[in-house]
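A short worksheet on the structure shown next.
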Amino acid sequence: MTTQVPPPQRRKFLFTMIGGLGALLAAASAWPVFRFLSPVAARGGGEQVAIPRSEVVSGKAHFFEYRGKPAVALQPDPGKFIALSAVCTHLGCVVAWKEQAGEFQCPCHGGRFSAEGQVLGGPPPKPLEPLAVVLDGDQLKIG
């Protein structure tokens with residue numbers, strides 16, 4: 001004995017399944033758009049990073065993480081310390097320090113920045129973001 005489902009019930013089941021699948025696909029498509037448009041929560045908003053003064057050698061760059069993003073500290077002249085975001089202002093690539101040239105270069109599109117973070121050439125629209133530096137004994141407090 002076989003039981004057959006009447007056509008209206010099959011149709012209703014099929015429409016329910018298609019509707020559920022469509023809702024699932026819409027939610028899966030909307031999630032990345034929502035994440036892209038929502039503001040990024042800053043991790044540890046008021047935190048400072050302490051770096052031993054001895055790690056920031058004159059003429060060399062010391063890369064570290066600040067609030068979840070790459071940053072760099074350097075000593076262009078003896079006793080003068082600078083800290084900058086290491087994220088290129090063009091498309092967000094991490095810049096590299098070219099010691100011989102005494103400048104930062106972006107490996108993605110050839111942007112160039114001075115040791116102070118000013119734009120020297122290439123597509124970056126603005127300088128690297130400066131970070132506050134305070135010398136506290138043998139520590140550099142950044143942020």
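The values are calculated or read from the model by the stated rules, or taken from the named source; none is laboratory data. The model shown is predicted, which means the values in this text are computed figures rather than measured ones. Counting neighbours? That spans all protein chains shown, and the Cβs are built from the backbone with ideal geometry, glycine included.
Checking each residue in the stretch 85-143 for being among the β-branched types (Val, Ile, Thr) and more than 16 Å from Ile51 (Cβ to Cβ) picks out Val87, Thr89, Val94, Val95, Val119.
So, Ala73, is that one at pLDDT below 90 and among the small types (Gly, Ala, Ser) or not? Before the answer, list the steps.
Working: at pLDDT below 90: no; among the small types (Gly, Ala, Ser): yes.
So Ala73 does not fit the description; no.
Of the residues making up the stretch 125-143, those that are modelled with pLDDT of 90 or more and buried (at least 16 other Cβ atoms within 10 Å of the Cβ) number 4.
Picking from residues in the stretch 49-63 that are under 21 Å from Glu116 (Cβ atoms) and in contact (Cβ under 8 Å) with a residue 60 or more places away in the chain, the one that is farthest from the chain's Cα centre (by Cα) is Arg53.
Quick one: how many residues across the stretch 68-95 are in contact with a Gly (Cβ under 6 Å, 6 or more places away or on another chain) and not hydrophobic (A, V, I, L, M, F, W, C)? Residues meeting the conditions: 1.
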